[in-house]
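Reviewing the structure listed below.
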Amino acid sequence: MHYSRITPYLFIMPMIIGLIVFRFGPILASFLISFTEWRGTVPPEFVGLGNYEELLNSSIFWEVLINTFEFALMFVPLTMILGLALALLVNQKLRGIAFFRGMYYLPAITSMVAVALVWNWIFTARFGILNHVLRTYFGVSSPPNWLADSDTALLVLVIVSVWKSAGLPMLIYLAGLKGIPSHLYEAARIDGANGWQQFRYITLPMLTPITFFVLIITIFDAFGTFEVTFAMTGGGPLYSSSTLPFYIYQNAFNFFRYGFSSALAYVLMLIVVIITLINFRYRDRWVQRDVY
């Protein structure tokens, strides 16, 4: 076989074509569609910035946007804290600890539909096990209607999402804990440091690069939440538990407003990009690079 300078590019050409057709192509197409009014059955009509003006003047958009930030502000810290706590828990030299690591990670690989069915049963107002416990053991005569109450629906989604998502941060933190040199803890114990002091002055600083990575992927996860909303509340009651990804889905596949949903998608992308850039901008203020 004759080798030429173009040979390596021929081998990667299928991947490049796939990226262009299935990644960059749809991204560019949705950007162009966001400037149109298109319902799929007729040719798109160019409206300029009309979709963006409409969403900025829409009270529903602002309610959904606030819901999205509220979800993220609860989901991100709770998932990171629970992931770290689980990592510390399974970072023990005990017989059978591998079993518990698998059990704690299992929700992360379980189907969201299956998870939603179980949690729907737990939070059902009349026959749910949670309200049964509240009535039977705590004397609560009128427990909340968790999924149908606008004050609790979003909180339920946060609880379920944190429970399902904490497994991945746990694994990442566990890998970070395994990478901390044991001699640091030995020296700290010789100096008289207790468990909290070792955690505060050794474990947390050593894990700051890991924490930054977990923060970024958890933010992406928070602003991309869709399945739990779709499977448990459908964004209701009204729009009290709807987040931007679900609102984008509604406008595209329920209302067939492809131009408006594309504009929403680019607003969501802009928000995530800004938050990510802010995190990278201030990373050096708390992430310790030379931890050794």
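Within this structure, Val64 fails the test of being at pLDDT below 90 and within 24 Å of the chain's Cα centre (by Cα).
Is it the case that region 2-13 has a residue that's surrounded by 14 or more Cβ atoms within 10 Å (Cβ to Cβ) and either among the hydroxyl-bearing types (Ser, Thr, Tyr) or under 24 Å from the mean Cα position of the chain (by Cα) (or both)? The answer is no; no qualifying residue exists. Looking across region 24-64, just one residue is touching a Pro at 6+ places or on another chain (Cβ under 6 Å) and either of a type in the set (Gly, Ala, Ser) or assigned to a loop (DSSP other than H, G, I, E, B) (or both), and that is Trp38. Within region 41-81, being under 30 Å from Ala166 (Cα atoms) and out of contact with any helix residue (DSSP H, G or I) (no Cβ under 7 Å at 6 or more places or on another chain) holds for Trp62, Glu63, Ile66, Phe69, Leu73, Pro77, Ile81. Taking residues in region 253-273 that are touching a residue at least 24 places away in the same chain (Cβ under 8 Å), and partners anywhere that are among the basic types (Lys, Arg), the pairs with Cβ atoms closer than 6 Å and at least 6 places apart or on different chains are Phe256/Arg39.
Determine whether region 156-176 contains at least one residue that is among the β-branched types (Val, Ile, Thr), under 28 Å from Phe99 (Cα atoms), outside any loop (DSSP other than H, G, I, E, B) and more than 17 Å from the chain's Cα centre (by Cα). Checked against the condition, which is being among the β-branched types (Val, Ile, Thr), under 28 Å from Phe99 (Cα atoms), outside any loop (DSSP other than H, G, I, E, B) and more than 17 Å from the chain's Cα centre (by Cα), region 156-176 yields no hits at all.
Confirm whether Phe31 is of a type outside the set (Val, Ile, Thr), surrounded by fewer than 11 Cβ atoms within 10 Å (Cβ to Cβ) and under 25 Å from the mean Cα position of the chain (by Cα).
Details: of a type outside the set (Val, Ile, Thr): yes; surrounded by fewer than 11 Cβ atoms within 10 Å (Cβ to Cβ): no; under 25 Å from the mean Cα position of the chain (by Cα): yes.
Here the answer is no, as Phe31 does not meet what is asked.
Just one of the numbered conditions (1) more than 30 Å from Asn120 (Cα to Cα); (2) touching a residue at least 24 places away in the same chain (Cβ under 8 Å); (3) of a type in the set (Val, Ile, Thr) is not true of Thr218: (1). Considering region 86-112, and only residues there that are loosely packed, with under 11 Cβ neighbours inside 10 Å and hydrophobic (A, V, I, L, M, F, W, C), the residue that is farthest from Phe226 (Cα to Cα) turns out to be Leu94.
If only residues of region 53-74 that are under 17 Å from Phe246 (Cα atoms) and of a type in the set (A, V, I, L, M) are counted, the one that is surrounded by the most Cβ atoms within 10 Å (Cβ to Cβ) is Val64.
For region 120-151, give me the residue count where each residue is assigned to a helix (DSSP H, G or I) and either closer than 26 Å to Thr243 by Cβ or of a type in the set (Lys, Arg) (or both). Here the count works out to 7.
The values are calculated or read from the model by the stated rules, or taken from the named source; none is laboratory data. Not measured: the values here are computed from a predicted model. So basically every Cβ, Gly included, is an ideal-geometry build from the backbone, and we count neighbours across all protein chains shown.
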